[in-house]
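Chemist: Please find one structure pasted underneath; my questions will follow.
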Amino acid sequence: MTGDAANGYLGLGTRLNSGPSRLLVEAGFATEVRQSRFLHSWIGVADLVHVLALRDAEAIPAEPGRRLLRTLLDMQSHDWAEMPYDPVHGDVYNNREHLLRGLLGDDAGWLHLGRTRREAGRVAFYLAARAGLLDLHDSVTSFASAALAGSREHVDTWWSDLTYLQPAQVSSLGHYLLSFGHEASRQLDRVRRAHDACGNLPVAAGGVAGTTVPVCRASYLERLGVTFPATTSRDAMWGTDILVEVAHVATQAALTVSKLAEDLMIFGSPPFGWVRIHDSHSRASVYLPQKRNPYALSVIRGGTSRLLGRATGVLTSVRTPSAQTDNWIYNYGDVLETVELASSLVSLASEVLARATFDRDRLAAAALDDFTEAPDLAESMVVSSGIDYRTAHEAVARVAEAAHQRGQRRFAAADYDRLGLTGAVPPPASTPAALVAARRQEGGASPAQVRASGRRLERRLSRATAWRSDARAAADSTTRSVVAEATAAANESL
């Protein structure tokens, strides 16, 4: 590509004798420019902080520094969609350089002192990831809170919990729902660790080994509101483990809610009929008048599959020799889009759970079907007869099979006689409420234990919410402070 379209292309006339080919623009630079919706404002923050750091080091003349700051502030006041980014000029950073050069001439060149385009891009990516992870943290907290609310509502809704999708043990629906809340709370810990890991910003990194420009890393990070111990400039610039961590943390959060969506898809089908998904999360069939499809569940499941593909793609792209750009070309967008999509899916799952209606009567009516009190009967035999559990297990299994052959769905009084449990001390429980009430160990399904576990989860969520609120307030304050300091410096008198 030559002529007007290539004017100002970085390197043209020095190391390059031609602008980029059309195919390179379409296959490479266009992808990078599309990432501007994530990176534009954060590259702006990184640029402002870099100029302020150069001023601190007295490495940039006063007037070019002021002109740069004024122009960068003007760019920062515009949304990414308002910027004339054109892939002909390269990625987002090179587009900004092209615009600055057109407005400031040679003064624009001071922005590159002591810093590569990679440094600006990496800093912007990590700041964008931290912001996105706070949104994900908020979504996961909401989901865990919805699971907690559901557990409290259904602490005495009896049902047969399933393993392998087979009736396993009488429990409460509240105990089932609470398990998703606790898993989500562990995802919050992972999101927080990933957020903190994104503080490994490659400032003052030069090309790879550092710079001779005496910028202060500590003050640089302080302006950005980040605390992270120094490793090496090469690690900060080219390490890829945090890319993988962010993508996989977001995917794990979605996997938690996807499991629930899978269950609800089954539980809401006519053979079960245990739950009804709200109309606002359903879609009618265009051909089948009777159909009512739980569309939101498909969105969650399908979206999570996409996230799994992206997370795998990130892993694949970083399997290269170290310090390779192909680790990053697509991953800026892929990783940040993964976090964004995960947040949307988790938020949707929170709403689905909050609005779903569970059929208490139908759940309770089937709670003892398929001999789900069998383990309780075996344990009663151990206590009353002093036999080992394996022997009791085999005896109950034989009685259950014989009852099944007679067409029974559950144990009858005569089956207790066959097991020698008539008059046993303690007597075998025969109602769902009594069976569940006996599960008093910590973490068990008894109402008291479910409530206690819910209180533990509530405390965890309260601490997580406080951390997120502080982190978000600090990030917002940091951005305002950078803009305010840059504005004051840009307008100071000679």
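Chemist: Checking the condition modelled with pLDDT of 95 or more, of a type outside the set (A, V, I, L, M, F, W, C) and in the same structural domain as Pro167 (by TED's automatic domain parsing), which residue from Thr357, Thr391 passes? Don't jump to the end; show me each part of the working.
Modeler: Details: Thr391 fails: in the same structural domain as Pro167 (by TED's automatic domain parsing).
It is Thr357.
Chemist: Also, I was wondering about something else. Quickly run through the stretch 449-494 and pick out the residues that are touching a Gly at 6+ places or on another chain (Cβ under 7 Å) and over 25 Å from Leu127 (Cα atoms).
Modeler: Gln449, Val450, Ser453, Leu457
Chemist: Can you list residue pairs whose Cβ atoms sit under 7 Å apart, with the first residue in the stretch 284-304 being assigned by TED's automatic domain parsing to the domain that holds Leu348 and the second being modelled with pLDDT of 95 or more and assigned to a loop (DSSP other than H, G, I, E, B)? Count only pairs 6 or more apart in sequence or on different chains.
Modeler: Arg292/Ser282; Asn293/Ser282; Pro294/Gly268; Pro294/Ile277; Pro294/Ser282; Tyr295/Ser282; Ala296/Ile277; Leu297/Ile277
Chemist: If you go through the stretch 178-207 one residue at a time, how many are under 13 Å from His137 (Cβ atoms) and in contact with a strand residue (DSSP E or B) (Cβ under 9 Å, 6 or more places away or on another chain)?
Modeler: The number of residues fulfilling the criteria is 0.
Chemist: Go through (1) part of a helix (DSSP H, G or I); (2) among the aliphatic types (A, V, I, L, M); (3) touching a strand residue (DSSP E or B) at 6+ places or on another chain (Cβ under 8 Å); (4) crowded, with 19+ Cβ neighbours inside 10 Å one by one and return the number of the condition Ala445 breaks.
Modeler: Unmet condition: (1).
Chemist: Related question: Quick check on this structure: which one of Val318, Val299 is under 30 Å from Pro202 (Cβ atoms) and within 24 Å of the chain's Cα centre (by Cα)?
Modeler: Val318
Chemist: Can you say whether Val346 is surrounded by 22 or more Cβ atoms within 10 Å (Cβ to Cβ), outside the structural domain of Ala27 (by TED's automatic domain parsing), in contact with a His (Cβ under 9 Å, 6 or more places away or on another chain) and in contact (Cβ under 8 Å) with a residue 60 or more places away in the chain, as far as the supplied structure shows? Walk me through it before giving the result.
Modeler: Numbers: surrounded by 22 or more Cβ atoms within 10 Å (Cβ to Cβ): yes; outside the structural domain of Ala27 (by TED's automatic domain parsing): yes; in contact with a His (Cβ under 9 Å, 6 or more places away or on another chain): no; in contact (Cβ under 8 Å) with a residue 60 or more places away in the chain: yes.
When the stated conditions are applied, Val346 does not pass them.
Chemist: Another question, then. Testing Glu245 on (1) crowded, with 16+ Cβ neighbours inside 10 Å; (2) more than 29 Å from Gly313 (Cβ to Cβ), one condition comes back false. Which one is that?
Modeler: (2)
Chemist: Just give me the residues in the stretch 360-404 being among the β-branched types (Val, Ile, Thr) and more than 46 Å from the chain's Cα centre (by Cα), in sequence order.
Modeler: Within the stretch 360-404, Val382, Val383, Ile387, Thr391, Val399 qualify.
Chemist: Go through (1) over 22 Å from Arg55 (Cα atoms); (2) crowded, with 22+ Cβ neighbours inside 10 Å; (3) within 30 Å of the chain's Cα centre (by Cα) one by one and return the number of the condition Leu134 breaks.
Modeler: Evaluating Leu134 over (1) over 22 Å from Arg55 (Cα atoms); (2) crowded, with 22+ Cβ neighbours inside 10 Å; (3) within 30 Å of the chain's Cα centre (by Cα) leaves (2) as the failure.
Chemist: Oh, and also: Select from the stretch 219-234 the residues that are over 25 Å from Arg472 (Cα atoms) and either touching a helix residue (DSSP H, G or I) at 6+ places or on another chain (Cβ under 6 Å) or of a type in the set (Lys, Arg) (or both) and list them in ascending order.
Modeler: Within the stretch 219-234, just Arg234 meets the criteria.
Chemist: Moving on. Does Ile266 meet the test of being within 25 Å of Leu341 (Cβ to Cβ), over 24 Å from the mean Cα position of the chain (by Cα) and assigned by TED's automatic domain parsing to the domain that holds Leu134?
Modeler: yes
Chemist: Could you list, in sequence order, all residues of the stretch 337-363 that are part of a helix (DSSP H, G or I), out of contact with any Ser or Thr (no Cβ under 7 Å at 6 or more places or on another chain) and not basic (Lys, Arg)?
Modeler: Of everything in the stretch 337-363, those that are part of a helix (DSSP H, G or I), out of contact with any Ser or Thr (no Cβ under 7 Å at 6 or more places or on another chain) and not basic (Lys, Arg) turn out to be Glu337, Val339, Glu340, Leu341, Ser344, Leu348, Ala349, Glu351, Val352, Leu353, Ala354, Asp361.
Chemist: Going by what's in this entry, would Thr487 be described as of a type in the set (Val, Ile, Thr), more than 38 Å from the chain's Cα centre (by Cα) and surrounded by 12 or more Cβ atoms within 10 Å (Cβ to Cβ)?
Modeler: Judged against the criteria, Thr487 is not a match.
Chemist: Given the conditions (1) surrounded by 13 or more Cβ atoms within 10 Å (Cβ to Cβ); (2) not in a loop (DSSP other than H, G, I, E, B), report the number of the one that Glu394 does not fulfil.
Modeler: Unmet condition: (1).
Results for (1) closer than 23 Å to Arg190 by Cα; (2) touching a helix residue (DSSP H, G or I) at 6+ places or on another chain (Cβ under 6 Å); (3) not polar (S, T, N, Q), shown as yes or no for each residue.
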position	(1), (2), (3)
Ala236	yes, no, yes
Asp241	yes, no, yes
Glu245	yes, yes, yes
Ser258	yes, yes, no
Pro270	no, no, yes
Leu288	no, no, yes
Ile300	yes, yes, yes
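Chemist: From Ala367, Ala433, grab the single residue that is within 21 Å of Ala448 (Cβ to Cβ), aliphatic (A, V, I, L, M) and not in a helix (DSSP H, G or I).
Modeler: Residue meeting the stated conditions: Ala367.
Rundown of residues vs (1) assigned to a helix (DSSP H, G or I); (2) in contact with a His (Cβ under 8 Å, 6 or more places away or on another chain); (3) under 19 Å from Thr116 (Cβ atoms); (4) not assigned by TED's automatic domain parsing to the domain that holds Met237, yes/no style:
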residue: Gly313; (1), (2), (3), (4): yes, no, no, no
residue: Thr316; (1), (2), (3), (4): yes, no, no, no
residue: Pro321; (1), (2), (3), (4): no, no, yes, no
residue: Asp326; (1), (2), (3), (4): yes, no, yes, no
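Chemist: Now for a different question. Inside the stretch 400-417, can you point out the residues that are among the charged types (D, E, K, R), within 13 Å of Ala374 (Cβ to Cβ) and either touching a Lys or Arg at 6+ places or on another chain (Cβ under 6 Å) or part of a helix (DSSP H, G or I) (or both)?
Modeler: Result: Glu401, Asp415.
Chemist: Looking at the stretch 1-115, what helices (runs of 4 or more DSSP H) fall wholly within it and have at least 1 residues that are modelled with pLDDT of 95 or more, of a type in the set (Asp, Glu) and out of contact with any Phe, Trp or Tyr (no Cβ under 7 Å at 6 or more places or on another chain)?
Modeler: 36-56, 62-76
The values are calculated or read from the model by the stated rules, or taken from the named source; none is laboratory data. Please read all numbers here as calculations on a predicted model, not as lab measurements. A quick note on method: Cβ atoms are made from the backbone with ideal geometry, for glycine too, and the neighbour counts reach across all protein chains shown.
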